[in-house]
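Student: Sharing a structure here in structure tokens format.
The numbers here are math on the coordinates, done by the rules we state, and not lab data. Just so you know, these numbers come straight off a predicted model, no measurement behind them. Heads up, the Cβs are rebuilt from the backbone with ideal geometry, glycines too, and the neighbour counts pull from every protein chain shown.
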Amino acid sequence: MTPPAADAGLPASRPVSSRSILFVSPDREESRLVQAGLADMRPRWELECFEDPSRALERLRAQSVDAAVVDLLFPESAGVDLLRSIMESSPTTLRIGLSLSSGRQAVQQVGAPVHQLLSKPCDPMVLKAVLARAFAAQDFVSHDAFQNWLASITSLPVLPRIYNELMQELKLEDCSLERAGLIVARDMGLSAKILQLVNSAFFGLGRAIGHPAEAAVFLGSETLRGLVLSLQVFSQFQQLKLVEFSVENLWTHSWTTGVLARKLCEFEAAGRSITDEAFMSGLLHDVGKLVLAANFPVRLEENIRLARERQHTLWEQEFKVWGASHAELGAHLLSRWGLPPAVIEAVAFHHRPAQARCQTFCAVTAVHVANTLGRPPAPLGQLPQQSVDLDYLRGLGLTDRLESWRQMLQEASQR
């Protein structure tokens, strides 16, 4: 299948004159420090500070903002209530919660409807970095048509609770993978799935692992993060019942893609960082399909039907209808959650790797190859699958690796 021409791809990002940010905290000194720390971002960023959540909500009802940073320690859960109101009235606003610096105490706040969680007292430099990365990633995957598309989405999930809690543990100076495993163990379904996957043939262990704490030590922090996040995201959509779309089948494909992308990086000795990024990207590369299934189920199934009839891939059909695809939507969601830029890029461009910024072997390469070569050929009359982009590999000087990759991935898939 020939990919769409370059001009059928993602249009250029529209220029952003300024970003509006609300900082809501009862601590005047904290607000003053944040104002001083972000002063050099004016006029690109416009920061407004409020001590009263009700006043902040009035401001938001008058005009939406790009980001809201809210202290979660207001009395009577006023900060959490404000975030819920923002989620309902302005779902595209980036929501950041501020909690206590102690990871143990911060766990009490992870149920708040936030995309990201930062420690108090708020470090202006950390906040600046988080906002800059989120805004840059949003520009990276956004354009006019896509913004209109997002505006009608009502279900853009927040960062799952167990993953948020796990992140708080792993940020501690005395963090422990054993304790991280015990956090995971509190969710029986999550624990069972992780133990099933760790003991699968993909990992090739010579012995059985029977407890999440032991699994956490074996997997390492980055792989554990990826698994927990992907499993929780998929679990949020298990209730979806569509004729043309199966969450279970999508999870199986996503798990396979993640594992094969990881093996491909190990095969190429790409290094731990790229390997971890590829694994997480593979697990989450199709998360945009879940958001579509929850928000546009009829249109998603219609696109699947039309793609099958016209023998297009699904992402080609999505581009014809929307000018964007599930890949860009998934990348947008992950950018709001603060995932690494390399993961966002791999998800955004797993169908169109030549348009990615990274033009060496990286997570984009691994996920694209695993997603294409790791699939069995589509039966006649079924939804066509994308072929590997040979021009992209040729540009990277990697076409001579293709056959060895194909053989390695085929052997791994048959285990």
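Student: Build a GNM of the chain with springs between Cα atoms under 10 Å: which of D66, D187, D174 gets the top mean-square fluctuation?
Tutor: D174
Student: Follow-up question, since we're still on this one. Quick one: Karplus J couplings for the range 331-341, per residue in order, coefficients 6.51, -1.76, 1.60, θ = phi - 60°, nearest Hz, x for Gly and Pro?
Tutor: My calculation for the range 331-341 gives 5, 4, 4, 5, 5, 5, 7, x, 5, x, x Hz in order.
Student: Compute a Gaussian network model of the chain, connecting alpha carbons closer than 10 Å, and tell me which residue from Q236, Q168, Q317 fluctuates the most.
Tutor: Q236
Student: Calculate for the chain the 222 nm mean residue ellipticity that helices alone would give, adding -39,500 (n - 2.57) per DSSP H run of length 4 or more and normalising by residue count, nearest 500 deg cm²/dmol.
Tutor: Helices in the chain give a 222 nm mean residue ellipticity of -17000 deg cm²/dmol.
Student: Around K120, which amide H atoms from residues at least 5 apart in sequence, or from another chain, sit under 5 Å from its own amide H, with H modelled in the peptide plane?
Tutor: Residues meeting the amide H criterion: S99, L100, S101.
Student: Can you list the lysines whose alpha carbon sits under 23 Å from that of K120, skipping same-chain ones fewer than 8 residues off?
Tutor: Of all the lysines, those that pass the test against K120 - Cα under 23 Å, at least 8 places apart if same chain - are K128, K171.
Student: Continuing with the same structure: The range 162-242: which trypsin sites (Lys or Arg not before Pro) are DSSP loop and have at most 15 other beta-carbon atoms within 10 angstrom?
Tutor: Here the trypsin sites (Lys or Arg not before Pro) that fit, given the DSSP loop and packing criteria, are R186, R207, K241.
Student: Which lysines have a Cα less than 27 Å from the Cα of K241, not counting those fewer than 8 places away in the same chain?
Tutor: Filter leaves K193, K289, K320.
Student: R0 = 30 Å: FRET efficiency of S404 with T252, Cβ-based, nearest 0.05?
Tutor: 0.75
Student: Starting from the Cα of S200, step 7 Å along the direction of its Cβ; do the same at Q359; then give the gap between the two resulting points in nm.
Tutor: Result: 3.6 nm between the two label points.
Student: Find how many whole Å separate the alpha carbon centroid of the range 73-95 from the alpha carbon centroid of the range 170-186.
Tutor: 28
Student: Pull up the DSSP beta bridges for the chain and report the antiparallel fraction as a percent, rounded to 5.
Tutor: Taking every DSSP beta bridge within the chain, about 0 percent pair in antiparallel fashion.
Student: Starting from the amide H of E268, placed 1.01 Å from N in the peptide plane, find each other amide H under 5 Å away whose residue is 5 or more places distant or on another chain.
Tutor: none
Student: While we're here: Can you give me the C-alpha center-to-center distance between the range 288-322 and the range 232-253, rounded to a whole angstrom?
Tutor: Answer, in whole Å: 15.
Student: Another question, then. Name the long-range amide H neighbours of C49: under 5 Å, sequence gap of 5 or more, or other chain; modelled H, no Pro or chain starts.
Tutor: Placed amide hydrogens put F23 under 5 Å from C49.
Student: Which order results if V217, V24 are arranged by neighbouring Cβ count within 10 Å, fewest first?
Tutor: V217, V24
Student: Taking the highest mean first, how do the peptides 363-371, 332-340 order by number of other beta carbon atoms within 10 angstrom per residue?
Tutor: So the order, starting with the most tightly packed, is 363-371, 332-340.
Student: Here's a follow-up. Quick one: the Cα spread of the range 317-415 along its three principal axes, in angstroms, biggest first?
Tutor: 37, 35, 28
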